[in-house]
Structures are given as C-alpha cells and as structure tokens.
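Trainee: Quick one: structure below, then a few questions.
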Amino acid sequence: MTEEVVSQFLSSRVRRVQESQTLQITARASKMKAEGKDIVSLSAGEPDFPTPDFACDAAIEAIRDGFTKYTSVVGIPELRKAISEKLKRDNALNFSPEEICVGVGGKQAIMNTILALVDSDDEVIIPAPYWVSFPEMVKIADGTPVIVPTTFEQNFKLTPEQLANALTPKTKMLILNSPSNPTGVMYSEAEIRALMRVIEHRDVFVISDEMYEQLTYGEVEHFSPARIETMKEKVIVSNALSKSHSMTGWRVGYVAAPKWIIDAVAKLQSQMSSHTSSISQKAAVAALLGEQTVVKTMREEFKKRRDFLYRELSSINGIRLNLPEGAFYLFPSVEGLLGKTFQGVTLNSSVDVAEYLLDKHWVATVPGDAFGAEGFLRLSYASSMAELEKAAARMKEAFRA
C-alpha cells in the first residue's frame, strides 16, 4: 500500500504521534556501524556499565526456582516493599507498598499515569527542552501538551512566572524532570518549592520524573516535590532501575502516588501489559536491597566523563555549554555554527549539524528540535572514556575554522 492509502486506515491517535528521534538516530548509527564504519555514538541514553552481578544472580536463581509465572499486576510484594524502603532511604519519601505500582519500565509507568488522569482537552504543562516522549504521551491520551520554552541563559529551568502564565482553567498536570533529560540541569529545593507554591491551591497534578536522581555531581541535592506536605496528594513520583543500576533491558519502572491514583494506573495496566517480567522483578529486588556502591562507582565515572567532554567541547568556536549537575547528557548550543559551511556542507539547523557529524565524521548525536529546542544537540556521555576522546577529537576536526 502507498503511504496515502495506509494513512486512511490508521487511527488519528497514531497519525498525530511522532516517532522517537533518539531511536531513529540510534538505529541509523547502528546500521552504519554494521556496515563497518567506526561510529562513535553519543545518542543513546543507556549506561555502558554491566548490570550488577547480584541482580543477575537473583534473576538466574528465579529461573532455576521456577519463578516464571504470572505475578500481581502492580508487582510482587517484596519489590513494592523494596521500592518503599528505597524511597524512604534515598529520597525521604513516605510511600507505603500499596501506593506503588511497578510497570514495564519508567516509560510505561508514566504513560499509564497520564492515561489515568488526563482527559480530552486537558492541558499538560511541559517545560522545554523536554524528554522526547512527554508531549507524545499527552497526545496519546487526547490531552494538549502546553510547551513552555526555557533558555540557555536561564539554565533551562522553568520559572514560577512562566508556570503561572501557562496556567489556564484546563490545566490538569505539570511534568517536571530533575535531573533533566536532555539538559542534565537540576532544580534546587528552593526552586521546586517556588514552583509548587504557584499550583499548591489548584487542582493540578505533578508527575515528578526522577529517573536520574542517583546520578548527581555538584552541590545541588536532589529534592522531590512529593516531600512538600501541601503537594503530597497531587505528586506522582516516577522512577526506574534503568539508569541507576544499568538495567535498561530489564524493563522495571514504577510510580509512587496516592492509592486512588495507583488503583487507576493498575486498572489500565491490567488490560494492557499485566505485570513486568517476574524474573526482572526478582532482579530489581536484589538491585534495590543490595550493596549500593555500584551506583556510587557509576556516578564517579560519569562525573569524570562529564568534566572531560565539557572541557573539550568548550574549546570549539561556535559551541556554548552549561555544566550539567546530573544525568549523563550535555546539551550544547550550536547556534554559533549555523549559517556556516564546513567541508562543503552548510549548516542551517541542529538537524544539519547532527547529520553532518554522523555522515562526515561518524559521530552520532541527537538534534535539539527532538527535545523542543532548535539550535542545540544532545550528547550522551554514557560511553567509555576512549570513545569520548575519539568523539571530542572528531568534533574539533569537524568544526575547524
């Protein structure tokens, strides 16, 4: 069938949702690598560390014990209890096991929460730059994403004034992500409290995506809006083991929220995926309750990589960077390169920059417009130092005057 014919049969829901650009770039880089090209990928948000041995051992033991059948939709009791303990231990949050639902990765946990709360015409405020899936998830739920742009100069942080101006009678939700994907910036406790004061007396819910809360490098400490007493009934905390324990493929994420929200999320999940893998759940219990020095080791190594790549790229004319406080991304401005020509290629957009780097210098990055910020690139430093050194050298060569 032609593309025009196919579109007649697809639902409007599918037609209005965009495919993830990060996955597109990663797939293209993988194809070039399979063709024998020495591609350095700075596009994927996936730690290059192995999953901790004790988590793998728990999964193997689960298989040998025959723990391969259905479990409760919301997760096995010991995992919900382990998550409850982790939230108290690491984040000073008091959620009972009954206020937690385990999903097939953090992405599904957030999607189900949006589906549970957002109706047609409801508005969801999303600061930009944003994680690529946030607006698309809102569209799937028939809601309206309200994008609030932030700037390099304001360190990509939503201000209370911007939040107040974005509110309307239709506002149902705010999505906050700290540390941020793609910028790596973090909101301080004071900044989060200031934002929450704007909405604390309104019926506005907050999804606090805390996926990278274990990966922080500066003086700013992670602070969850769920710690604010006046917001406790309206904040949904989302997290996963993908980044903190290098368990991306295991697909274990979760949301913590008031029980009535968890019940609604579980109802939806029961009709879609049921539970996440029984084996992955056993591995997750071990990961959360095991020795956490593995997380510290990753964090220290990521900091070294961040400092190296920040230093190297800061020396390139036309590139500006903020030093990120968390996650494992740099989000440099390439606006100083636009309009210029390198090796016969004129760069008019961040897409042009990303394609030029991939085609001519074999470095895979993601253009900023995928995150709602034209004129920027997202670079992941979740690669070995050797790969980062190679990437930095190639980028310097690419933009030599």
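The values are calculated or read from the model by the stated rules, or taken from the named source; none is laboratory data. Please read all numbers here as calculations on a predicted model, not as lab measurements. Here the Cβ positions follow ideal geometry from the backbone for every residue, glycine too, while neighbour counts run over all protein chains shown.
Trainee: Considering only segment 142-181, how many residues are of a type in the set (Gly, Ala, Ser) and buried (at least 22 other Cβ atoms within 10 Å of the Cβ)?
Mentor: Counting residues in segment 142-181 that are of a type in the set (Gly, Ala, Ser) and buried (at least 22 other Cβ atoms within 10 Å of the Cβ) gives 3.
Trainee: Same structure, new question: Which of (1) closer than 20 Å to ILE261 by Cβ; (2) among the acidic types (Asp, Glu); (3) loosely packed, with under 12 Cβ neighbours inside 10 Å is the odd one out, the single condition GLU99 does not satisfy?
Mentor: Condition (3) is where GLU99 drops out.
Trainee: Another one. Name, by its number, the condition in (1) in a loop (DSSP other than H, G, I, E, B); (2) over 14 Å from PRO47 (Cα atoms) that does not hold for SER270.
Mentor: (1)
Trainee: Which residues, counting only those in segment 14-55, are free of Cβ contacts under 8 Å to residues at least 24 places away in the same chain and of a type outside the set (S, T, N, Q)?
Mentor: Those that are free of Cβ contacts under 8 Å to residues at least 24 places away in the same chain and of a type outside the set (S, T, N, Q): VAL14, ARG15, GLU19, LEU23, ALA27, LYS31, LYS33, ALA34, GLU35, GLY36, ASP53.
Trainee: Sticking with this one: Give me the residue from segment 306-325 that is among the small types (Gly, Ala, Ser) and closer than 18 Å to MET385 by Cβ and, out of that set, surrounded by the fewest Cβ atoms within 10 Å (Cβ to Cβ). Show your work before the answer.
Mentor: Looking only at segment 306-325, we keep the residues that are among the small types (Gly, Ala, Ser), and these are 314-315, 318.
Cutting the leftovers down to closer than 18 Å to MET385 by Cβ gives us 314-315.
Details: SER314: 13, SER315: 9.
Step by step, filter segment 306-325, then rank; the result is SER315.
Trainee: Sticking with this one: Identify, from the list ARG299, ARG251, the residue that is among the charged types (D, E, K, R), out of contact with any Asp or Glu (no Cβ under 6 Å at 6 or more places or on another chain) and in the same structural domain as ALA327 (by TED's automatic domain parsing).
Mentor: So the residue among ARG299, ARG251 that is among the charged types (D, E, K, R), out of contact with any Asp or Glu (no Cβ under 6 Å at 6 or more places or on another chain) and in the same structural domain as ALA327 (by TED's automatic domain parsing) is ARG299.
Trainee: Considering each residue of segment 161-193, count those that are within 13 Å of PRO225 (Cβ to Cβ) and in contact with a helix residue (DSSP H, G or I) (Cβ under 9 Å, 6 or more places away or on another chain), and give that number.
Mentor: Final tally of qualifying residues: 12.
For (1) closer than 16 Å to SER178 by Cα; (2) touching a Pro at 6+ places or on another chain (Cβ under 7 Å); (3) modelled with pLDDT of 95 or more, each residue gets a yes or a no:
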site: ARG193; (1), (2), (3): yes, no, yes
site: MET231; (1), (2), (3): no, yes, yes
site: THR248; (1), (2), (3): no, no, yes
site: ARG251; (1), (2), (3): no, no, yes
site: PRO258; (1), (2), (3): no, no, yes
site: ALA264; (1), (2), (3): no, no, yes
site: SER270; (1), (2), (3): no, no, yes
site: SER277; (1), (2), (3): no, no, yes
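Trainee: Output the residues belonging to segment 302-314 that are in contact (Cβ under 8 Å) with a residue 60 or more places away in the chain and either among the hydrophobic types (A, V, I, L, M, F, W, C) or under 18 Å from THR216 (Cβ atoms) (or both).
Mentor: Those that are in contact (Cβ under 8 Å) with a residue 60 or more places away in the chain and either among the hydrophobic types (A, V, I, L, M, F, W, C) or under 18 Å from THR216 (Cβ atoms) (or both): PHE302, LYS303, LYS304, ARG305, ARG306, PHE308, LEU309, LEU313.
Trainee: With the requirement that a residue be surrounded by fewer than 19 Cβ atoms within 10 Å (Cβ to Cβ) and either in contact with a Phe, Trp or Tyr (Cβ under 7 Å, 6 or more places away or on another chain) or assigned to a loop (DSSP other than H, G, I, E, B) (or both), what does segment 182-227 give you?
Mentor: Listed by number, the residues that qualify are SER188, GLU189, GLU200, HIS201, ARG202, ASP203, GLY218, GLU219, VAL220, GLU221.
Trainee: I'd like to check something: does segment 69-79 contain any residue that is of a type in the set (Ser, Thr, Tyr) and within 22 Å of PHE328 (Cβ to Cβ)?
Mentor: no
Trainee: Can you name the residue in segment 344-381 that is free of Cβ contacts under 8 Å to residues at least 40 places away in the same chain and not in a helix (DSSP H, G or I) and, of all such residues, is surrounded by the fewest Cβ atoms within 10 Å (Cβ to Cβ)?
Mentor: It comes out as GLY344.
Trainee: If you take the residues in segment 341-356 that are of a type in the set (S, T, N, Q) and closer than 18 Å to ASP369 by Cβ, which one is farthest from the chain's Cα centre (by Cα)?
Mentor: Keep residues of segment 341-356 that are of a type in the set (S, T, N, Q), which gives 341, 343, 346, 348-350.
Imposing the further condition that a residue be closer than 18 Å to ASP369 by Cβ reduces the set to 346, 348-350.
Numbers: THR346: 31, ASN348: 27, SER349: 24, SER350: 20 Å.
Looking at the filtered set, the residue picked out is THR346.
Trainee: How do the helices (runs of 4 or more DSSP H) wholly within segment 2-65 filter down when requiring 1 or more residues that are touching a strand residue (DSSP E or B) at 6+ places or on another chain (Cβ under 8 Å) and not acidic (Asp, Glu): which remain?
Mentor: Once the helices (runs of 4 or more DSSP H) in segment 2-65 are filtered for at least 1 residues that are touching a strand residue (DSSP E or B) at 6+ places or on another chain (Cβ under 8 Å) and not acidic (Asp, Glu), what remains is 21-34.
Trainee: Write out, first by first residue and then by second, each pair whose Cβ atoms fall under 7 Å of each other, whose residues are 6+ apart or on separate chains, and whose first residue, in segment 89-101, is among the acidic types (Asp, Glu) while the second is at pLDDT 95 or above.
Mentor: Cβ pairs passing all conditions: GLU98/LYS259; GLU99/ALA256; GLU99/ALA257; GLU99/PRO258; GLU99/LYS259; GLU99/ILE262.
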